[in-house]
């Protein structure tokens with residue numbers, strides 16, 4: 001099995017900041033808007049180098065989305081930045097009406113998503129944002145796994161014509177994808193080849209899936225790991241091809257199992273290749289305060305949980 005190396009833990013929000021800074025140099029149409037969280041979203045470098053293209057709107061997220069939608073009419077490519085909870089739940093009406101329905105070229109960039117937000121607790125740990133965004137017609141939904149991939153995705157979505165939801169996080173996590181790798185929207189990345197079980201993961205759970213695959217290999221189980229960085233449009237072809245080979249699948253995400261990656265995969269299987277599936281996700285619950293590691297353990301979002309799910313789903317074949 002192919003091995004991956006953590007080149008040094010980094011937070012994915014810094015990948016967004018680096019990508020935005022690069023866009024500032026190469027695309028004069030890119031503008032950035034932030035709802036009073038410039039430091040947390042790592043937008044400082046863009047702000048310092050391109051003050052005429054940076055707009056601090058204050059704690060007024062709905063206004064930020066409206067401003068961004070308006071800027072697209074003049075040919076600008078706005079990147080909005082705030083926490084995932086405020087990027088989606090607080091401004092859903094504005095996103096639906098002013099961005100998605102109108103097909104505006106707005107990039108909604110959201111940090112501090114999921115349980116790994118940690119000590120801030122349930123009010124900020126949004127676990128339903130992917131579902132909210134993927135149900136909007138025309139909305140592209142991306143959930144990156146590490147610093148390098150987040151930087152690449154940030155740069156790539158500027159070239160995509162249409163609304164995008166880009167989700168990333170606060171904690172420092174393994175950085176293992178290629179430094180200057182190409183990011184292709186809607187194209188899954190197969191990380192390992194396997195014959196016994198397919199593991200498709202997104203976001204922070206991709207690295208955990210790779211750890212689980214190594215542990216499974218030690219027990220004589222061959223796991224195929226696929227990084228689903230784009231949840232919509234979903235790479236159905238990659239999923240079907242893998243499941244036709246392995247005969248079963250585990251989906252892993254830092255999100256509610258209602259409305260997330262797992263449900264999208266289940267629909268693909270139901271329509272094309274019915275097979276046993278196990279879900280690694282939160283089970284219709286809010287989070288709570290705690291360290292990211294404590295919460296991932298309690299809510300079953302780690303390598304050990306993926307390993308157990310893989311062993312279970314294989315028995316269902």
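The values are calculated or read from the model by the stated rules, or taken from the named source; none is laboratory data. Model, not experiment: these values are computed from the prediction. Note: ideal-geometry Cβ built from the backbone for every residue, glycine included; neighbour counts use all protein chains shown.
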query: Yes or no: residue 293 outside any loop (DSSP other than H, G, I, E, B), assigned by TED's automatic domain parsing to the domain that holds residue 221, modelled with pLDDT under 95 and under 25 Å from residue 171 (Cα atoms)?
result: yes
query: Among the residues of the range 201-219, is any in a strand (DSSP E or B), farther than 23 Å from residue 9 by Cα and touching a helix residue (DSSP H, G or I) at 6+ places or on another chain (Cβ under 8 Å)?
result: no
- request: Hey, could you check the range 296-317 for residues that are over 20 Å from the mean Cα position of the chain (by Cα), in contact (Cβ under 8 Å) with a residue 12 or more places away in the chain and part of a helix (DSSP H, G or I) and say which is farthest from residue 239 (Cα to Cα)?
  value: 304
field: Filtered residues of the range 239-295 (kept if under 18 Å from the mean Cα position of the chain (by Cα) and farther than 30 Å from residue 120 by Cβ)
entry: 239
Matching option when the condition is outside any loop (DSSP other than H, G, I, E, B), within 16 Å of the chain's Cα centre (by Cα) and surrounded by fewer than 23 Cβ atoms within 10 Å (Cβ to Cβ), among 98, 14: 14
Matching entry among 41, 117 (being assigned to a helix (DSSP H, G or I) and under 19 Å from the mean Cα position of the chain (by Cα)): 117
message: Condition first: in a helix (DSSP H, G or I) and surrounded by fewer than 23 Cβ atoms within 10 Å (Cβ to Cβ). Now tell me which residues in the range 70-84 satisfy that.
response: 70, 71, 72, 73
query: Which is touching a residue at least 60 places away in the same chain (Cβ under 8 Å), more than 18 Å from the chain's Cα centre (by Cα) and surrounded by 24 or more Cβ atoms within 10 Å (Cβ to Cβ), of 212, 201?
result: 212
- prompt: Can residue 159 be described as free of Cβ contacts under 8 Å to residues at least 12 places away in the same chain and part of a loop (DSSP other than H, G, I, E, B)?
  reply: yes
